[in-house]
């Protein structure tokens, strides 16, 4: 990134303002997730964005300080926690390849005998929950504490109404879990895993908190403000690689093409993206595109990499 | 890549020597591609590697000056050429997502009505050939001339015996092409497209030539020694993103995880990888792993990123 | 069947003796179902066969009076009961086509949005249970009473140890049921449906009882000894057609080719087959072939149609 | 079929008149096949039907003496011819199971490594043509001569304009043939097989001729008027079983349910059905339903079995 590094540091505050203005017409075009009743009540007109630079500077705009439901973004935390404790042994039970299929499909899972393609599709995330359930008293509490640690914020919590709402409509996740149980790739009871998973997904954060929580991945595994090592540098890079190839459902290729950053999205409309060695950026807008990623959020990140000339490529 | 850039330039010569020594025991473990009779005659014990730095320095080791069959590596040239001429219109006919399926599968192609997932699986590469066949008198000659241009080497040529050998056993590619024809996503005659494609795939280069040919992609679309712009910076970054997510068949996720660089592989045993803004590196070893990528070559690149501390993540 | 009808009535007693002798070497070749622990304890060396002629004559040989677990054979009873009560409305929720896939696959079910191909694969049978659960206090009791009625035998009952054993290992059926629930094609709670289904499948009968239970389908919907009409003639013929095209899992084509009679098999090793207008024949041998049908049982029926010159074709 | 045989012979002439009147409103509802240009020019308002009784009586109505393109109905002739010459060895190269997929799908063929599910889907029919091409100088001529023999009519011939039209648009069949060639399940050149297959499919007959041609299958393998044995009784029954389970594309289950007779349909709008031991019946109406079977033709056969009380079930 010779070119990049010779440039002066971008004016992030101005860039966020530009982006926030540009995305306004898009806010009406996305579709708020409807399959979890509690989520469907959120207005699609929210937009927030926050940048956490590794030197400690932070920038925020719009609804960047409003809590939203992280949903699949928490899969990243669960993976980081499981990977930090279990190391490469997790790859016996989940793959590292893009799935080429919707995030909740059972087709590939059946063909591949219960081994999920990667930890970011639902099946793979349930395996992570299962792994954590075998190690911790309660997997969801472990993920919550991990989230508080990496975001440096103890008030982060579950939204139990959302968790309950999701659990009641989690038929497809139950189907996935039972299918893996049938193949021997789920060690704890299905109900335990689904309950933990639904609570984990219900964690809420603000964009500002989420960007800060991404700091350790931008800084090669080490928490910027404390120097505590969560993952060694090599492992952190590998998680970033997984985010790039698998982090945005079956739109990962298109997302890499347009945005060019490792990222993890959720159906709550949040996306966390990383410029390794420099910063983490979080965006939130509840309206989703047809691939399940935040429509305005993806556009905002595309503009962010263009306006800052940041890209890993 | 703050950390990286603060480091002194790595001693590439020494690193290549280390890698070359380390891979020797692996050379017997891969399997030389057998489906094209001509290719199966190559010894699996070859190993070559070359680095082309954007400042013009080059480093080479082993069989780095021996010609080998590029095969699917040429898909990258065809894509770059088509993209440079046709721009984003090519995405109407081919996607940008990892396929999650073997490179020559027809299943997804049928479900998705003849639109290939990306330009690096065979179906997508045939569409590129078709696009080039509509624009140039002969698609394969156009790709050859493009290869000569970006490698700065006029002696680069087809291996017509390999092309002939491949054409005679190209039943699956014929099946793919006819299926796309049936869906209306192939405009030229099937035979024309297959013939051009087989000749294009037969282009031979050395590692040293291939590394140099990758220079324009490492330098954001501009040929380092001439300053000629093949692609604008944004387009070049996008090709790199595609290489990362789709460039190594259905092992792209694992390759990104292990190596962490955009790359394109071929069944001839060659791989071209890029450190954007810095260098291009080519490796060749004919023995393949079960995913069709060079076994020793992938390992060599993994060691290269570790020993040089280079990674886009 | 002009030719057939001009023949004298076959000597069924002699034919059963011949068959029983012929199958002995096959009894060691099948594999007793192992996925339900209770079933796996049955010896593979059992063989029983019984013929119920519509004139009331019955013939039996071997273990024809020993109880065995009907398993999927009960799907026929559940379908007949649901069809007799709900008529053609059941076809809104389940198809009438062979699936071309294993009986417990989820792939097709996902592609076809939760509508099972036919009532004899597990998914379709669960929909039948769901339909009966909406109509009767307890679906499994309703099927049991129906079985007692058509077999004219009140001692027929569940084997609750088998039901319990199956319920504990029913992960795949849970997966199927939850997937259909997700698609809105299951109206009762998943647990209710699975529990009823497992009990229904655990019904035990002897070959003699099962042959008699098939009498009403051989006699175009009317119970031979009472004249009570269960189904009108047209509906009975239609059930027979379904048995022929879908009754023996994904071996229905081969079974029709070899045996040429409508039939329904179960993993307990039982098969019920019909010669419409003439007789019902039941066979039991626990060793299964690779398609999940009784190996010796299928052969016995093939010999039966050859030796009696009976076939619907 | 005790009940049936006790009935007097139905008044076929009156029944055909009834049916012909009933189907008139349906003639506008089907869709004439459009993928072969020559076929798309036929008016959808044709309707013809003919019955050939094994005692030599024939009945005909409507356009029963007008020629139409047999298309897939010829697959039955090719199979009968190949089976009569090669016996059970043909089953090494093609299966006997319903496919559960559209007649021209490549998905299953790839999963099952080039072995088609049955001889009535396109892939299986191409294997039959390949088998016949290895045995006869010209496969299509052999099938034509066979058709003339079983219909007792030497004027039966190809419609070369249709054959030519089909060959020019046969991309999907080319795809299927090349895929099988890739798997080693096609021994002759792809072009030879496709050309022969297209000519075979172009054979034209009238309903009257087609019904007569079905006579040998209704009479258990023996030509009624000459006593010549084409197939032994067991083989003839087995072909009938295949017709029932696989003869009407992926609507075989529904067809068996509604009509209850072994049958083979074609996209030209023709269907041949059999009442074993009694008669063959042919119907023609070019408008197809969404499964590719004649809409009015299927309904006519459903009415035929109802009005004559004929059904194999």
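All of the numbers you see were taken from the coordinates with simple rules; none came from a lab. Quantities reported herein were computed from a predicted structural model and do not represent experimental measurements. A quick note on method: Cβ atoms are made from the backbone with ideal geometry, for glycine too, and the neighbour counts reach across all protein chains shown.
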Using label points projected 7 Å from each Cα along Cα→Cβ, tell me how many nm separate residue B:303 and residue C:157, to one decimal.
7.2 nm
Taking the label point as lying 7 angstrom from Cα along the Cα-to-Cβ axis, what are the distances from residue C:141 to the corresponding position in the remaining copies, in ascending order and in nanometres?
4.3, 7.5, 8.5
Before rounding to the nearest 500, sum -39500 (n - 2.57) across all DSSP H runs of length at least 4 in chain D and divide by the residue total; then give [θ] at 222 nm in deg cm²/dmol.
-13500 deg cm²/dmol
Could you give the angle, 0 to 90 degrees to the nearest 10, between helix D:295-308's Cα long axis and the longest principal axis of the Cα atoms of chain D?
40 degrees
Cβ density ranking, 10 Å radius, fewest first, applied to B:311, A:34, B:294 yields A:34, B:311, B:294
Please report, in Å, the Rg and the Dmax of region C:193-297, where both are computed over Cα atoms only.
13.8, 40
Degrees between helix A:190-201 axis and first principal axis of chain A (Cα, 0 to 90, nearest 10):
10 degrees
Enter the mean projected area of the convex hull around the alpha-carbon atoms of chain B, in nm², rounded to one decimal.
14.1 nm²
From the gyration tensor of the Cα coordinates in region A:57-106, what semi-axes in whole Å does the equivalent ellipsoid have, largest first, with each one equal to sqrt(5λ)?
29, 18, 10
Looking along the axis that carries chain A onto chain D, the residue of A whose Cβ comes nearest, with distance in whole Å, is A:111, 4
Mean-position separation - Cα centroids, region C:191-225 and region B:144-211, in angstrom:
63 Å
Region D:13-40 and region A:284-313: distance between their alpha carbon centers, rounded to Å:
55 Å
Beyond 23 Å, how much of the Cα-Cα pair distribution for region B:1-140 remains, as a whole percent?
57 percent
Would you kindly work out, in nm and rounded to one decimal, the distances from the label point of residue D:57 to those of the same position in each other copy, ordered shortest first, with label points 7 Å along Cα-to-Cβ?
3.2, 9.9, 10.0
Enumerate the whole-percent occupancy of each 10 Å bin, from 0 to the last occupied one, for all C-alpha pair distances of region A:126-235.
14, 36, 33, 16, 1
Evaluate the Debye formula for region C:182-255 with equal point scatterers sitting on the alpha carbons, no solvent, and hand back log10 of I(q)/I(0) at q = 0.14, 0.15, 0.24, 0.27 Å⁻¹, in q order, two decimals.
-0.71, -0.80, -1.06, -1.06
Between copies, how far does the label point of residue A:226 sit from its twins, in nm, shortest first, when each point is 7 Å from Cα along Cα→Cβ?
5.6, 7.5, 9.3
Springs between alpha-carbon atoms under 10 Å, Gaussian network over chain A: tell me which of A:119, A:286, A:189 tops the mean-square fluctuations.
A:189
Which of A:193, A:107, A:275 ends up with the largest GNM mean-square fluctuation for chain A, with Cα atoms connected below 10 Å?
A:107
Other chains near A:166-176: what is the mean number of their Cβ atoms within 10 Å of each residue's Cβ?
5
Just to be sure I understand the curve: with the Debye formula and one point per C-alpha of region C:73-201, what is log10 I(q)/I(0) at q = 0.20, 0.22 Å⁻¹?
-1.14, -1.36
Based on alpha-carbon centroids, what's the gap between region D:57-92 and region A:45-120 in Å, whole number please?
58 Å
Rg and Dmax of the protein assembly as shown over Cα atoms: what are they, in angstrom?
33.6, 102
Could you tell me how many degrees, from 0 to 90 and to the nearest 10, lie between the Cα long axis of helix B:122-135 and the main elongation axis, the longest principal axis, of the Cα atoms of chain B?
70 degrees
Highest-MSF residue in chain A out of A:136, A:59, A:47 [GNM, Cα springs under 10 Å]:
A:136
What FRET efficiency, computed as 1/(1 + (r/R0)^6) with R0 = 56 Å and r the Cβ-Cβ distance, is obtained for residue B:58 and residue D:31, rounded to the nearest 0.05?
0.30
Hey, with R₀ at 30 Å, roughly what FRET efficiency would residue D:24 and residue C:233 work out to, going by the Cβ-Cβ distance, to 0.05?
0.60
